[in-house]
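First comes the structure, then the notes that go with it.
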Amino acid sequence: MGMVPLKESLFDELNDYVIRQQIQYDDCDIYVESKIANGDIAVPRVVNKLLKYIDCKLTFAFAK
């Protein structure tokens, strides 16, 4: 397991890595955590931009 900060400056490198390593959809996950547990999670716009580069599933969670 690894974590990468969602910065647009890293998208090309991240995309290249995913292709070179042949990372499959089920092995890729964008984890979004909300600190406010009111039922809504606002996903940062950068997530949508990343999904144009690589196809990953999204996991949502509330922090306690």
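The values are calculated or read from the model by the stated rules, or taken from the named source; none is laboratory data. In this text, all values refer to a predicted model and were calculated from it rather than measured experimentally. The area values use the complete protein model at the heavy-atom level, side chains included, leaving out ligands, DNA and RNA. Shrake-Rupley method; radii C 1.70, N 1.55, O 1.52, S 1.80 Å.
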In the list Leu58, Leu50, Leu6, which residue meets the criterion of being modelled with pLDDT of 85 or more, within 11 Å of the chain's Cα centre (by Cα), open to solvent by 60 Å² or more (accessible area, probe 1.4 Å) and aliphatic (A, V, I, L, M)?
-> Leu58
What single numbered condition from (1) open to solvent by 100 Å² or more (accessible area, probe 1.4 Å); (2) in a loop (DSSP other than H, G, I, E, B) fails to hold for Ala42?
-> (1)
